[in-house]
Amino acid sequence: MKKTHRSALVLLSILASLPAASFALNPIIQTMYTADPAPMVNKGTLYLFSSHDQDVGEKNNFNMKDWVLATTTDMVNWTQYGAIASLRDFAWAAKEISGWDGFDNGAWAPQVIERDGKWYLYAPVQGRGIGVLVADNPLGPYTDPIKKPLIAGHAGGLYDSIDPTVYIDDKGQAYLAWGNPNLWSVKLNKDMISYDTSVGENGIIRHPMTVKALGERNPPDTQGTTLPKPALRGTSYEEGPWLYKRKNLNYLFFAGGPIPEHLGYSTGPTPEGPWTYGGVVMNPQSAFTNHPGVVDFKGKTYLFYHNAALPGGDGFKRSVAVDELKFNPDGSVRTVQPTREGPAPVATLDPYQRV
């Protein structure tokens with residue numbers, strides 16, 4: 001009896017020392033519909049900010065009112081915090097445009113970055129441009145420091161001032177890029193709530209929309225788009241830019257067209273290019289849109305994306321998923337095959353910590 005008891009203790013001790021043999025499950029968040037993933041890493045934690053597709057709302061339309069957050073330290077166990085900011089944090093968005101109430105809809109793809117202890121959330125407000133919110137911690141509260149759009153709506157119309165991506169290079173220069181069907185960028189000032197107006201057109205640069213830079217659209221766009229002012233698209237670039245750097249190479253990941261969207265990438269010597277098209281990262285998924293989010297975490301690189309895999313899901317009720325992203329020796333990106341299991345754990349779970 002004593003021998004059996006002693007053996008059981010030894011077995012428990014061995015099991016406790018082994019890595020967790022669990023795996024993530026895609027989609028990551030299964031209690032709500034999420035889209036447009038914006039991962040970032042800070043002090044050993046991966047923060048996943050995303051947009052939020054409402055369960056109910058106008059049929060066959062995006063119903064999006066706030067932005068949500070989830071975190072992980074091991075890529076398997078996630079803690080959800082729900083909404084951390086909403087359209088109501090932008091008072092200037094209240095004005096109705098063509099019958100659309102800014103407080104009611106239009107909280108599209110965000111991205112968040114930390115600098116000098118402050119957290120900056122950049123988000124498009126449908127039809128009104130791109131705003132910026134600031135908080136002292138990732139959970140907020142987030143407040144609007146400039147009380148107006150950081151990037152106003154411009155020549156491209158309703159959809160051009162969307163999908164901001166923010167990046168800080170090794171020298172501390174911050175960049176903000178965005179756009180559909182064009183690709184635009186600015187150099188942010190160190191305060192992160194204004195930008196350098198000495199370059200481009202009042203500080204805004206329109207990147208060359210060439211096949212060499214952004215790939216050939218296949219099939220080509222010959223019918224225009226559903227934009228208020230239809231515009232032909234000559235490249236595979238659609239929307240959802242994401243800036244990332246690996247070794248000495250800058251990457252521009254993006255959602256590519258035609259619809260349904262795939263994910264593609266280009267590379268360049270700087271965060272402003274000039275870009276050279278690299279190829280397809282992920283083929284179209286079950287939602288007609290997609291949105292890349294690429295981040296390094298605990299020795300691995302991950303591609304976040306969205307699909308329509310949850311029950312009741314469709315192109316307007318999407319779900320964020322993640323898989324490992326791998327590179328070839330020359331820096332080119334390998335095509336990602338989405339998995340149901342998701343990535344393997346990169347840390348063990350502390351059984352005494354609430355998750």
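The values are calculated or read from the model by the stated rules, or taken from the named source; none is laboratory data. Since the structure is predicted, the reported quantities are computational estimates derived from the model, not experimental observations. Every residue, glycine among them, receives a Cβ derived from its backbone with ideal geometry; neighbour counts consider all protein chains shown.
So the values come out like this:
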{"item": "Odd one out for Val132, checked against (1) part of a loop (DSSP other than H, G, I, E, B); (2) under 29 Å from Asp296 (Cα atoms)", "result": "(1)"}
{"item": "Residue match in the range 70-82 (condition: within 21 Å of Val125 (Cβ to Cβ) and either within 20 Å of the chain's Cα centre (by Cα) or modelled with pLDDT under 95 (or both))", "result": "yes"}
{"item": "Selection status of Leu48, part of a loop (DSSP other than H, G, I, E, B), over 17 Å from Pro145 (Cβ atoms) and touching a residue at least 12 places away in the same chain (Cβ under 8 Å)", "result": "no"}
{"item": "Cross-chain or 6+ apart pairs with Cβ under 9 Å, the range 332-355 first and among the acidic types (Asp, Glu), then assigned to a loop (DSSP other than H, G, I, E, B)", "result": "Glu341/Phe23; Glu341/Ala24; Glu341/Leu25; Glu341/Asn26; Asp350/Thr73"}
{"item": "Qualifying residues in the range 105-120 (those that are part of a strand (DSSP E or B) and more than 12 Å from the chain's Cα centre (by Cα)) - the one nearest to Lys190 (Cα to Cα)", "result": "Arg115"}
{"item": "Arg334 among the basic types (Lys, Arg) and within 29 Å of Glu58 (Cβ to Cβ)", "result": "no"}
{"item": "Tally of residues being surrounded by fewer than 23 Cβ atoms within 10 Å (Cβ to Cβ), among the hydroxyl-bearing types (Ser, Thr, Tyr) and in contact with a helix residue (DSSP H, G or I) (Cβ under 8 Å, 6 or more places away or on another chain) across the range 262-308", "result": "2"}
{"item": "Residue in the range 207-216 that is assigned to a loop (DSSP other than H, G, I, E, B), within 20 Å of Trp108 (Cβ to Cβ) and more than 22 Å from the chain's Cα centre (by Cα) present", "result": "no"}
{"item": "Residue match in the range 337-353 (condition: surrounded by fewer than 20 Cβ atoms within 10 Å (Cβ to Cβ), within 25 Å of Lys245 (Cβ to Cβ) and of a type in the set (Lys, Arg))", "result": "no"}
{"item": "Of residues in the range 58-78 being touching a residue at least 60 places away in the same chain (Cβ under 8 Å) and out of contact with any Leu (no Cβ under 9 Å at 6 or more places or on another chain), the one surrounded by the fewest Cβ atoms within 10 Å (Cβ to Cβ)", "result": "Asn60"}
{"item": "Residue in the range 200-207 that is at pLDDT below 95, surrounded by 23 or more Cβ atoms within 10 Å (Cβ to Cβ) and either touching a Cys at 6+ places or on another chain (Cβ under 6 Å) or closer than 24 Å to Tyr244 by Cβ (or both) present", "result": "no"}
{"item": "Hits in the range 158-177 - residues which are over 16 Å from Thr270 (Cα atoms) and touching a strand residue (DSSP E or B) at 6+ places or on another chain (Cβ under 8 Å)", "result": "Tyr159, Asp160, Ser161, Ile162, Asp163, Pro164"}
{"item": "Filtered residues of the range 263-322 (kept if of a type in the set (Val, Ile, Thr) and farther than 25 Å from Ala213 by Cβ)", "result": "Val320, Val322"}
{"item": "Sole exception among (1) at pLDDT below 95; (2) crowded, with 16+ Cβ neighbours inside 10 Å; (3) of a type outside the set (D, E, K, R) for Phe316, by number", "result": "(1)"}
